[in-house]
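Take a look at the structure set out below.
The values are calculated or read from the model by the stated rules, or taken from the named source; none is laboratory data. Predicted model only: the values in this text are computed from it and were never measured. Note: ideal-geometry Cβ built from the backbone for every residue, glycine included; neighbour counts use all protein chains shown.
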Amino acid sequence: MLKMLRVISLSLTPEEIVKTEKEAISQAIETIRNRLDQFGLSEPVVARQGKDKILVQLAGIKTQEEEQRARELISRAAKLELMAVDEDRNARVYNMSDSDAAEYGDIILSDAKNPQIKYLVREIPILDGGMLTDASMGFDQNNRPLINFKLNAEGAEIFGDFTGRSVGKRLAVVLDGKVYSAPNINERIGGGSGQISGSYTVMEAKDLAIALRSGALLAPIYMMEKRSVGPSLGADSIKASLVALIGGFVLVIIFMVFYYRLAGVIANIALIANFFILLAVMSLFGATLTLPGMAGIVLTVGMAVDANVIISERIRELIYEGKSMHKAIEEGYSNAMRAILDANITTLIASVVLYAYGTGAIKGFAITMSIGILASMLTAILGTHGIYQMLENKIAKSKNNKLWFGIKG
């Protein structure tokens, strides 16, 4: 009796193909950007170029070794799979072809350390890297580098159920199509965590953990072109930025002294203190001062002096109303506080959002802005207020105390 065999052929529509390609490129850009951010490079640029190309600009690469590490990190698929070893047929793996293995629903994979060693594993993995929540470098009992990984709740449940019913069998840890380890399952493994061991160096283990944390690439990536740009253009840009920063700083100082007299001198002291606090905090956390960072400092100078302008104007208004110098200073700070806090807190929120969702150059700008705003609130509100309180008696006893705030007559 003959049976009718029906063959069903499925294919994507042209629209779905275009959509899938776009999603693959977008996902690759985000994944590469995340990997390079964790790699520690200063403000990497990752952007789409043309229809199916990605432009990657890496500043600060000094050695050939660093360049090679970055290239491998960018192009690595980082596809993690946990697959069951076919214990019933694994002994015959060396006499099997791929078509023979396919008849049993298996595939043949090579060992990552020794390609001569073969494993016969089930084609459908127990779980994959999509259920991975974290990966970090660690060390085994012999102080050799390895990768610790954690699974989400769904992955932990699947992992626990599989190991519970597969005691005595082996589980292959497969990364990018190669078996890194195939340990025996001695008992049910709960908690959703595991390890990937291999002949890694410390740097290789760190880079692999970064690649696993950032997620697998949906499509393979190939390097089409490489260019190296010398530091001359960067040096010119830094020189121009320094000129802008110093020029803006000096002009602000001159204006404050000219318009607010001695009050302007006090404001300038706070401004200089704010600048050194900003540099000190950045140095403490090991932040790199880049061109966007310099732009953030220039804007911080304006924000810092703006607070002192508001305070000086409030004090001026109260002196015009006939208030004593003590009341004018205290009420001036009290009245200016709300406007200063509103302006600085809203700007700080915007900087935090830029840092959280931005990348590369945007993060550099957001860091200097955030530190500068916090420092300016400290120097403009507490710093200058303390100076006025210290000099209050001297101001009150001076023959023309109004000149302290640039008031004539």
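Is it fair to say Ala356 is of a type in the set (A, V, I, L, M) and at pLDDT below 75?
Spelling it out, it is not the case that Ala356 is of a type in the set (A, V, I, L, M) and at pLDDT below 75.
Just to verify a result, which residue in the range 145-188, among those that are among the small types (Gly, Ala, Ser) and assigned to a strand (DSSP E or B), is modelled with the lowest pLDDT? Looking at the filtered set, the residue picked out is Ser181.
Go through the residues of the range 315-322 one by one and say whether even a single one is in contact (Cβ under 8 Å) with a residue 24 or more places away in the chain, among the basic types (Lys, Arg) and assigned by TED's automatic domain parsing to the domain that holds Gly372.
Within the range 315-322, one or more residues are in contact (Cβ under 8 Å) with a residue 24 or more places away in the chain, among the basic types (Lys, Arg) and assigned by TED's automatic domain parsing to the domain that holds Gly372.
Summed over the range 76-107, the residues that are surrounded by 15 or more Cβ atoms within 10 Å (Cβ to Cβ) and of a type in the set (S, T, N, Q) give a count of 1.
If you go through the range 89-111 one residue at a time, do you hit one that is on the phi > 0 side of the Ramachandran plot, touching an Asp or Glu at 6+ places or on another chain (Cβ under 8 Å) and part of a loop (DSSP other than H, G, I, E, B)? Taking every residue of the range 89-111 in turn, at least one turns out to be on the phi > 0 side of the Ramachandran plot, touching an Asp or Glu at 6+ places or on another chain (Cβ under 8 Å) and part of a loop (DSSP other than H, G, I, E, B).
Conditions tested, residue by residue: (1) over 22 Å from Leu271 (Cβ atoms); (2) surrounded by fewer than 16 Cβ atoms within 10 Å (Cβ to Cβ); (3) in contact (Cβ under 8 Å) with a residue 60 or more places away in the chain.
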residue: Lys327; (1), (2), (3): yes, yes, no
residue: Ile345; (1), (2), (3): no, yes, no
residue: Tyr355; (1), (2), (3): yes, no, no
residue: Ala366; (1), (2), (3): no, no, yes
residue: Met369; (1), (2), (3): no, no, yes
residue: Gly372; (1), (2), (3): no, no, yes
residue: Ala375; (1), (2), (3): no, no, yes
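When each of Gly293, Gly286 is tested for being out of contact with any Pro (no Cβ under 6 Å at 6 or more places or on another chain), assigned by TED's automatic domain parsing to the domain that holds Met377 and either outside any helix (DSSP H, G or I) or at pLDDT 85 or above (or both), the lone residue that passes is Gly286. Looking at Ile196, Ile185, Ile147, just one residue is of a type in the set (A, V, I, L, M, F, W, C), without any contact (Cβ under 8 Å) to a residue 40 or more places away in the chain and farther than 20 Å from Gln68 by Cα, and that residue is Ile185. There is no residue in the range 151-172 that is touching a residue at least 24 places away in the same chain (Cβ under 8 Å) and either closer than 20 Å to Arg35 by Cβ or not assigned by TED's automatic domain parsing to the domain that holds Ser97 (or both). Among the residues making up the range 75-127, those that are hydroxyl-bearing (Ser, Thr, Tyr) and in contact with a strand residue (DSSP E or B) (Cβ under 7 Å, 6 or more places away or on another chain) are Tyr94, Ser110, Tyr119. When you check Leu175 against the structure, is it surrounded by 19 or more Cβ atoms within 10 Å (Cβ to Cβ) and more than 29 Å from Leu73 (Cβ to Cβ), yes or no? Answer is no for this residue.
Take the residues in the range 43-88 that are assigned to a helix (DSSP H, G or I), over 26 Å from Met294 (Cβ atoms) and of a type outside the set (D, E, K, R), then tell me which one is farthest from the chain's Cα centre (by Cα). Full working, then the answer.
Initial filter on the range 43-88 (assigned to a helix (DSSP H, G or I)): 64-75.
Retained after the next criterion (residues that are over 26 Å from Met294 (Cβ atoms)): 64-65, 67-69, 71-75.
Keeping just the survivors that are of a type outside the set (D, E, K, R) gives 64, 68, 73-75.
On the way: Gln64: 24, Gln68: 21, Leu73: 16, Ile74: 15, Ser75: 19 Å.
Among residues in the range 43-88 that are assigned to a helix (DSSP H, G or I), over 26 Å from Met294 (Cβ atoms) and of a type outside the set (D, E, K, R), the one farthest from the chain's Cα centre (by Cα) is Gln64.
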